[in-house]
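The values are calculated or read from the model by the stated rules, or taken from the named source; none is laboratory data. This one's a predicted model, so the numbers in the text were calculated from it and none came from an experiment. Note that we place each Cβ from the backbone using ideal geometry, even for glycine, and neighbour counts take in every protein chain shown. Just so you know, the surface numbers come from the protein's heavy atoms only, side chains and all, with ligands and any DNA or RNA stripped out. Shrake-Rupley method; radii C 1.70, N 1.55, O 1.52, S 1.80 Å.
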Amino acid sequence: MWETLPKQYWLRRPRPVKFGDGHELGNWGTGWLVDGRIEPHPFGPGTHAANTPGMVLEEYGANRARAGDFTAFSLPVGCVTMGDVADRLTAMDKLGIDVQVLFPSTIYATIAADATLEGELFRAYNRYIGTRCRDAAKRLRWVGLLPMRDAEQARLAMKEMVAMGAAAAVVFGTVGDRMLSHPSFEPIWNEFSRTGLPLCVHMAMSFPPLAQLCESIQDANMIGKAMPAQLAFMAMAGHGMLDKYPSLKVAFLEFGGEWIFYSVGRMKQYAEVNKGRMADPSMLPKSEVDDLVKSGRIYLGPESSDAMLAHELKLLGDGQLLYSSDFPHGEGRDNAAMEIIERQDLTKDQKRKFLYDNAAAFYGEP
C-alpha cells in the first residue's frame, strides 16, 4: 500500500508492531506505529477498536477460511488486504454479495499529526485500492479518502479519484477539532462539488476532545465514534452545506440510524426558536430540516436489526437507506442481508431498495 509514497515520507509510513508480552491483550496484541504513536490501543484515553496488523500479519495466513466462518481472523490474508482479488471474490460469492463498496479503516481519522504526510498516506491508500479493484470493477467499487487538512493534497486526491474511477469520497465526522463546514475548507468543497462524486461521512474517532473521554472500547462506540455523526449532520444541514451545494449527496455510515431522529427534532425546534433571539439569524440554515431530509440527498447506513428502521424509512424515504455487510471487518454482519429479508415490517420493494437499488443510485451502477 505504501509503495507509491514519495521517498521523503517512506520512513514515516505506518509499520506493524507486535507486542512482546501482548498475550494479555487478546485481539489487541498488535498495533500500528503511526507517526510516533501506537494505534489502536486497548486502554487509556483515546481507546478505540480499529483494524490491527494481527488481521494481516503473515503468521495468520495459514489460518485459512473455515466453512461458513468469514471473520477477518479466519480469512486468507490476501482476501482481507485485497492482495488477492480472487480470494475476495470467492468469499463474496459464498456470502451472496454481488457488488461490494470498499472503505478504508477508521484509523485514518487519526493517522498523522502532519497534514501533508496525512494527505500522502490517504492518496497512497487510494491508489492501492483503486488499482486492486480495477480488474473486477463490476463487482468491486471503492471510495477514496479526501485529505481535508491540506488543500493541495485534497486537490490532487480528487483528481486521482476521478481518474481512477472512485465511487465516492469519504471523510469523517470532523476534521480534527474543526467542523466539516469550517470556512477554511470552502475551496476544497467548491472543487469537490465539481467532481460530481457523492460524499460519505464514516464513523471514526475523529474529534480529539471526545476521544479524550474514551478509556474503553465501549466508550468509543458510545461517545467518540458515535457523536461525530451529529457534528457532521449539523455541518451539512445546520450550517448550510446542502444549501450551498445543491447537487451534493451525503451518506452517514456505520453510525447506525437512530441518531437522526434526535438531530432532526432538535434542529427543527431550535431553528424556529432562534429566529427571534439570534444576533445574526442569517447563520440559521436557509432550508427547513424537514425539506432536507426529504430531498433524497441524505442517506443512512442503519443496522439490519434496527428497531427504528420503519420509522427511518418514513422520515427519509424508501430510497435513502444503505445496506452494509461490513465484510471482512472483525465485527462483520455476515447474516445482515438475511435479517433484512426476514423482517416483517418492510415491504418486498423496500427490501430490494435497501439491499441493492439505493446503493446503485448513490454510488452509480457498476
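When a/c reaches 1.5 or more, the comparison of a/b and b/c decides; with that in mind, is segment 157-278 rounded, prolate or oblate per its Cα gyration tensor?
Oblate shape, in that a/c is at least 1.5 and b/c is the bigger or equal ratio.
Give, rounded to the nearest 20 debye, the magnitude of the charge dipole that the chain has about its Cα centre when Lys and Arg contribute +1 at Cβ and Asp and Glu contribute -1 at Cβ.
840 debye
Evaluate the charge dipole of segment 73-133 about its Cα centre and quote only its size in Debye, nearest 20, assuming +1 on the Cβ of each Lys and Arg and -1 on the Cβ of each Asp and Glu.
The dipole magnitude comes to about 80 debye.
With a Förster radius of 41 Å, plug the Cβ-Cβ distance of HIS182 and ALA86 into 1/(1 + (r/R0)^6) and report the FRET value to the nearest 0.05.
0.40
Could you compute the longest span of the chain free of GluC sites (Glu not before Pro) located in DSSP loops and having at most 15 other Cβ atoms within 10 Å, not counting the site residues?
The longest such stretch corresponds to 4-214.
Hey, what angle do you get for helix 151-164 against the long axis of the chain, alpha-carbon based, 0 to 90 degrees rounded to 10?
Helix 151-164 sits roughly 70 degrees off the main axis of the chain.
Net charge around VAL175, counting only other residues with Cβ within less than 14 Å of its Cβ (Lys, Arg = +1; Asp, Glu = -1)?
Summing Lys/Arg as +1 and Asp/Glu as -1 gives -2.
Residues with amide H under 5 Å of LEU145's amide H, sequence separation 5 or more or different chain, H placed in the peptide plane at 1.01 Å from N; which?
Under 5 Å from the amide H of LEU145 lie the amide H atoms of ASN126, VAL170, each far enough along the sequence or on another chain.
Classify segment 207-360 as rounded, prolate or oblate, taking a ≥ b ≥ c as the square roots of the eigenvalues of its Cα gyration tensor: rounded when a/c is under 1.5, otherwise prolate if a/b is larger than b/c and oblate if not.
It comes out oblate by the Cα gyration axes.
Please list 3J(HN,Hα) in residue order for segment 31-40, calculated via the Karplus relation 6.51 cos²θ - 1.76 cosθ + 1.60 where θ = phi - 60°; whole Hz, with x for glycine and proline.
Whole-Hz 3J(HN,Hα) from phi for segment 31-40: x, 9, 7, 10, 6, x, 10, 9, 9, x.
I'd like the orientation of helix 85-95 relative to the chain: the angle between its Cα long axis and the longest Cα principal axis, in ° from 0 to 90, rounded to 10.
In the chain, helix 85-95 runs at an angle near 70 degrees to the longest axis.
Roughly how many percent of the accessible protein surface of the chain is carbon and sulfur, given a 1.4 Å probe and a whole-percent answer?
Percent of accessible area from carbon and sulfur atoms in the chain: 54.
Which is farthest toward the positive dipole end of the chain among MET205, LEU102, GLY31, measuring Cα position about the Cα centre, with Cβ charges +1 (Lys, Arg) and -1 (Asp, Glu)?
Positive-end residue among those listed: LEU102.
As I understand it, the value is the acute angle between the Cα axis of helix 115-134 and the longest principal axis of the Cα atoms of the chain; what does it come to in degrees, rounded to 10?
Roughly 70 degrees, rounded to the nearest 10.
Ordering ARG37, ARG88 by accessible area with a probe of 1.4 Å, largest first, what comes out?
My answer, sorted largest first, is ARG37, ARG88.
LEU231 accessible area, nearest 10 Å², 1.4 Å probe?
Around 50 Å² of this residue is reachable by solvent.
Strictly over 27 Å apart at the Cα level, which of LYS159/LYS225; LYS286/LYS314; LYS159/LYS268; LYS7/LYS249 would you flag in this model?
Over 27 Å Cα-Cα: LYS159/LYS225; LYS159/LYS268; LYS7/LYS249.
Spin-label point model (7 Å from Cα, Cβ direction): what's the THR131 to GLU339 distance in nm?
So the two model labels end up 3.7 nm from each other.
Would you kindly state how much longer the chain becomes between ILE38 and TRP10 on full extension, computed as 0.36 nm times their sequence separation minus their alpha carbon distance, in nm to one decimal?
8.3 nm
Rounded, prolate or oblate: which fits segment 292-354 when a ≥ b ≥ c are the square roots of the eigenvalues of the alpha-carbon gyration tensor, with rounded for a/c under 1.5 and prolate only if a/b beats b/c?
Cα axes put segment 292-354 in the oblate bin.
Among VAL171, VAL56, VAL250, which one moves the most in a GNM of the chain with springs linking Cα atoms closer than 10 Å?
Its mean-square fluctuation being the largest, the pick is VAL56.
Could you work out how much longer the chain between ILE97 and ASP114 gets when fully extended? Use 0.36 nm per residue separation minus the Cα distance between them, nm to one decimal.
2.3 nm
Using the charge dipole of the chain (Lys, Arg: +1 at Cβ; Asp, Glu: -1 at Cβ; taken about the Cα centre), state which of LEU140, VAL289, TRP189 has its Cα farthest towards the positive end.
So the residue furthest toward the plus end is TRP189.
Under a 1.4 angstrom probe, counting protein chains only, how are THR174, THR81 ranked by accessible area, largest first?
The ranking, largest first, comes out as THR81, THR174.
Roughly how many Å² is the accessible area per residue of the chain, as a whole number, for a 1.4 Å probe?
That works out to 47 Å² per residue.
How big is the dipole moment of segment 295-366 about its Cα centre under a simple scheme where the beta carbon of each Lys and Arg is +1, that of each Asp and Glu is -1, and everything else is neutral? Debye, nearest 20, please.
280 debye
Which ³J(HN,Hα) values, rounded to whole Hz and listed in residue order, are derived for segment 223-230 from phi using the Karplus coefficients 6.51, -1.76 and 1.60 in 6.51 cos²θ - 1.76 cosθ + 1.60 with θ = phi - 60°, glycine and proline given as x?
10, x, 9, 9, 5, x, 4, 6
Gain in length, LYS18 to PHE261, computed as 0.36 nm per residue apart minus the alpha-carbon separation, to one decimal in nm?
Here the answer is 83.2 nm.
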